[in-house]
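Read the structure below first, then the notes.
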Amino acid sequence: MNQQIKSKPSTLTKYDSIKFLSKNDIKLNDPKAWEWRGQFQEEEQSFADFRSLNHKITDSLKVIYIYPIGDFDSLENQLIIATKDYLSRFYQRKIVINSSFSTKAIPEKGKRNHYGKDQILAPYILYEMLEQDNPPVSLLKLAVTNEDIYPKESWNYVFGLANYKKSVGVSSFHRFSDNNLKESNFSQTLSRLIKTSTHEINHMLKIQHCVKAVCLMNGANNLGELDGRPNRLCSECLAKLTWSLDIKLKNRKMLLNRYFLENKLLSDLKHTSQDLEILKEVN
Ligand SMILES: [Zn+2]
Ligand SMILES: [Zn+2]
């Protein structure tokens, strides 16, 4: 009897699996004039474009540092800890929370009162506070604040800002809870904060705004647009993150899925559950 030689089954690469996930990508609608894409004409950054930047993160850059900026009550501290937990699952890196900076020491050039609202200049946080601090094995530094922030004089406010050359960024949850965090708006504030924080960190990893699909990396002009974009990277942006940090695809999705379940973020959970179904089928 002839013995049949079975060919070794081909193993799927992470990028093959990501191609399957593209089935869950949602097409973008044409933008309204007041939406981000209606105001800014941004070019697509393809996966090939991203790889050509050669921004692969080495294993020696182990730690993402969170800098809480402001005076926090216990619920706000809980929000920072929940954000830390999310970031460790999202990036599969160690996250360290630094001791908080008080805003009282910020000089006049780093703040303003805008139509009765106190605000902190986001670049002041990036370059005068974060950039000056050099903790060990730092991959990047993210400030998280309950203060309202603005990027420059001509802008009213911003949810977050990042500089990829300096690996510093900031996200503010001031407007996510109307500056009044309580049990009843905790989940919504958390969903918005983890979206903004990962969006800004992804910019620090040189991932640009996404114009390919409905995605965490879409630009957002206001809360409505922020809420309209999912807590999910489209397949192309996920490929960029995977290439940059060499993450474990299925394990990461399972950890994120559990996070959304534990924190009752049900619309976020829907997306990871759908992606996990595909990953379980193809792996
Ligand atoms: Zn952005
Ligand atoms: Zn995308």
Residues listed by number, segment 17-42, amide nitrogen under 14 Å from residue 49 label point at 7 Å toward C-beta: 41-42
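For segment 153-283, give the percent of accessible area contributed by carbon and sulfur heavy atoms, probe 1.4 Å, rounded to a whole number. Walk me through the numbers before you get to the answer.
Details: 2400 of 5250 Å².
On segment 153-283, the fraction of accessible area on carbon and sulfur atoms equals 46 percent.
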Separation in nanometres of the label points that stand 7 Å from Cα toward Cβ, at residue 41 and residue 283: 4.2
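What's the magnitude of the charge dipole for segment 14-282 around its Cα centre, counting Lys and Arg as +1 and Asp and Glu as -1 at the beta-carbon? Answer in Debye, nearest 20. Let's see the in-between values first.
Numbers: 39 positive and 33 negative charges, 154 e Å.
Using Cβ point charges on Lys, Arg, Asp and Glu, segment 14-282 gives about 740 debye.
Using only the C-alpha atoms of segment 14-282, find the volume of their convex hull and express it per residue in Å³. Mind dumping the intermediate values first?
Numbers: hull volume 34.4 nm³, N = 269.
Expressed per residue, the convex hull around the Cα atoms of segment 14-282 is 128 Å³.
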Highest average packing first - 178-189, 141-152, 217-228, Cβ atoms within 10 Å: 141-152, 217-228, 178-189
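Counting heavy atoms of the protein chains only and a 1.4 Å probe, report the per residue accessible area for the chain as a whole number of Å².
Values: 14660 Å² over 283 residues.
The answer is 52 Å² per residue.
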Heavy atoms of residue 20 accessible to a 1.4 Å probe, total area in Å² rounded to 10: 70
Selected from 64, 95, 26 as most flexible by GNM, with the chain as the system and alpha-carbon contacts under 10 Å: 26
Distance in nm between pseudo-label sites at residue 108 and residue 30 (7 Å out along the Cβ direction from Cα): 5.1
Cysteines, the chain, no other Cys beta-carbon under 4.7 Å: 237
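Determine the shape class of segment 40-124: with a ≥ b ≥ c the square roots of the Cα gyration tensor eigenvalues, call it rounded for a/c under 1.5, and otherwise prolate if a/b is greater than b/c, oblate otherwise. Don't jump to the answer; show the numbers that get you there.
On the way: a/c = 2.36, a/b = 1.39, b/c = 1.70.
Here segment 40-124 falls in the oblate category.
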Cα gyration tensor, segment 180-283 - rounded (a/c under 1.5), prolate or oblate: oblate
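The values are calculated or read from the model by the stated rules, or taken from the named source; none is laboratory data. Note that the structure is a prediction, hence the values are computed from the model and not measured. As a convention, Cβ positions derive from the backbone with ideal geometry for all residues, glycine included, and neighbour counts pool all protein chains shown. Note: accessible area is taken over every heavy atom of the protein model, side chains too, but ligands, DNA and RNA are not part of it. Shrake-Rupley method; radii C 1.70, N 1.55, O 1.52, S 1.80 Å.
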